[in-house]
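Engineer: One structure, as structure tokens, below. Some questions next.
The values are calculated or read from the model by the stated rules, or taken from the named source; none is laboratory data. These figures come from a predicted structure and were not determined experimentally. In this analysis, Cβ positions are derived from the backbone assuming ideal geometry, glycine residues included, and neighbour counts consider all displayed protein chains.
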Amino acid sequence: MAGVMQKNGGGRRRRRRGGAQPMAEINITPFVDVMLVLLIIFMVAAPLLTVGVPVELPKTAAQALPAEQEEPLTVTITAEGGVQIMTTETQREDLVTKLRAVAAEREGDRVFLRADGAVPYSTVMEIMGALNAGGFSNIGLVTDIGGPTLDGSGN
């Protein structure tokens with residue numbers, strides 16, 4: 001029996017009926033690789049597309065765009081730590097409630113925050129958090145001009 005040859009190489013090669021079957025799985029690895037490369041290219045190229053070209057714009061008789069109709073809200077933190085909405089003194093416990101009431105009556109969400117230079121940073125951040133909780137997300141910090149330049153040249 002040692003001399004008996006088996007058919008098909010000992011059964012190692014089996015052929016399915018109807019030829020090769022199509023794969024039922026989709027290999028998305030090459031697709032993800034291409035998309036990541038494109039993402040990196042666009043992230044690098046996008047800032048380069050916004051470079052402006054210096055031009056001298058023509059003069060026209062057109063009117064300027066209208067300014068905001070309502071005066072921006074001003075919140076002031078005094079040196080003693082008191083808080084004022086416009087010119088009205090307000091307790092900190094009532095600040096968010098009053099800000100929500102004011103935000104409901106206003107069209108815009110712009111508010112200017114003025115704080116004395118002696119007020120601790122933590123106090124300013126607490127008031128900014130209250131402004132945000134009160135419905136104001138467009139917060140501008142008001143300063144005076146002529147401060148230090150931090151480059152050693154003085155004022």
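Engineer: Can you tell me which residues in the range 95-147 are in a loop (DSSP other than H, G, I, E, B), exposed (fewer than 12 other Cβ atoms within 10 Å of the Cβ) and not hydrophobic (A, V, I, L, M, F, W, C)?
Structural biologist: Glu107, Gly117, Pro120, Ser137, Thr143, Asp144, Gly146, Gly147
Engineer: Please verify whether Gly134 is in contact with a Leu (Cβ under 9 Å, 6 or more places away or on another chain), of a type outside the set (Phe, Trp, Tyr) and free of Cβ contacts under 8 Å to residues at least 40 places away in the same chain, treating the condition exactly as stated.
Structural biologist: On the way: in contact with a Leu (Cβ under 9 Å, 6 or more places away or on another chain): yes; of a type outside the set (Phe, Trp, Tyr): yes; free of Cβ contacts under 8 Å to residues at least 40 places away in the same chain: yes.
Spelling it out, Gly134 is indeed in contact with a Leu (Cβ under 9 Å, 6 or more places away or on another chain), of a type outside the set (Phe, Trp, Tyr) and free of Cβ contacts under 8 Å to residues at least 40 places away in the same chain.
Engineer: Let me ask you something else. I'd like the full set of residues that are surrounded by 13 or more Cβ atoms within 10 Å (Cβ to Cβ), over 13 Å from Pro72 (Cα atoms) and not polar (S, T, N, Q), limited to the range 84-94.
Structural biologist: Arg92
Engineer: Here is a further query. With the structure loaded, tell me whether Gly117 is at positive phi and at pLDDT below 85 or whether it fails that test.
Structural biologist: no
Engineer: Mind listing whichever residues of the range 86-114 are modelled with pLDDT of 85 or more and among the small types (Gly, Ala, Ser)?
Structural biologist: Ala101, Ala103, Ala104, listed by residue number.
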